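Structure first, commentary second.
The values are calculated or read from the model by the stated rules, or taken from the named source; none is laboratory data. It should be emphasised that the depicted structure is a prediction, and the values quoted were computed from it without experimental measurement. Glycine also receives a Cβ, built like all others from the backbone with ideal geometry; neighbour counts cover every protein chain displayed. Note: areas computed on protein heavy atoms with side chains; ligands, DNA, RNA excluded. Shrake-Rupley method; radii C 1.70, N 1.55, O 1.52, S 1.80 Å.
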Amino acid sequence: MRKKVLYVILFIMVIGFGYTLFYFNQYSIEDERASIEANLMEWHNKGNEKEIKFDILKVTQIDDTNSYIALFETADKNIGYTHLLKGWNGKYKIEQSGWGTNIASYQDLKTNKGMYGILVGKNPDLQIDHIIAESAEENFSFTSTVSKDETFLVYEKLPSDLKSTFLPNVTLYDEGQNIIAPLSE
């Protein structure tokens, strides 16, 4: 009987040790810009012949969640983002990342406290005053002012009763309420 208890305890300890190693291996990115940049380059450059370089512009925590967004710029001046999760060891892991050639982009983001709408982009010559993101089928929208920022990262908590958290109608406006560009076209 004592041997069985000893084996069970030993088994639980081995499983716990294995899980701890796995966890610390996953959440290994230090809470500093250089570490995030290096890991982001490694994340995107795996299997690529041409190395892509990134410059982290800022890292922002999404409200009181374990999710952080790192806004970055590529060498060819495109703006992108990386969704980072912060573990209980104080380090990050990359959950998703992307960039594009559009002036702005929208992404819905799942956090440990619900869904958020994320807008990232650049504001050349500070032409964009505000952005409106709207649901196609439901009566929901949010407006974000970006008039003072050359690059922007804004987010909004989405209602939990939305059927679709992806807001396809994103429109950029200037100070005079004129449409600069709808992103859906």
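Here is a list: Asp174, Asp108. Which entry is more than 20 Å from Leu84 (Cα to Cα) and surrounded by 13 or more Cβ atoms within 10 Å (Cβ to Cβ)?
Working: Asp108 fails: more than 20 Å from Leu84 (Cα to Cα).
Answer to the check: Asp174.
Would you kindly identify the strands (runs of 3 or more DSSP E) lying entirely within the stretch 42-158 that contain at least 3 residues that are within 19 Å of Tyr27 (Cβ to Cβ) and out of contact with any helix residue (DSSP H, G or I) (no Cβ under 8 Å at 6 or more places or on another chain)? Reasoning before the result, please.
Details: elements: 54-61, 67-74, 79-86, 92-99, 104-111, 114-122, 130-134, 141-145, 151-157.
Per the criteria, 67-74, 79-86, 104-111.
Any residue in the stretch 114-135 that's farther than 22 Å from Thr82 by Cα: show its pairings with residues that are surrounded by fewer than 18 Cβ atoms within 10 Å (Cβ to Cβ) and hydrophobic (A, V, I, L, M, F, W, C) at Cβ separation under 7 Å, as long as the two are six or more apart or on different chains.
From residues that are farther than 22 Å from Thr82 by Cα, the pairs are Gln127/Ile180; Ile128/Ile180; Ser135/Leu162.
Just for the stretch 152-171: of the residues that are of a type in the set (Ser, Thr, Tyr), touching a residue at least 40 places away in the same chain (Cβ under 8 Å) and open to solvent by 40 Å² or more (accessible area, probe 1.4 Å), which one is nearest to Ile79 (Cα to Cα)?
Tyr155
Does Lys4 qualify as being at pLDDT below 90 and at positive phi?
On the way: at pLDDT below 90: yes; at positive phi: no.
No, not satisfied.
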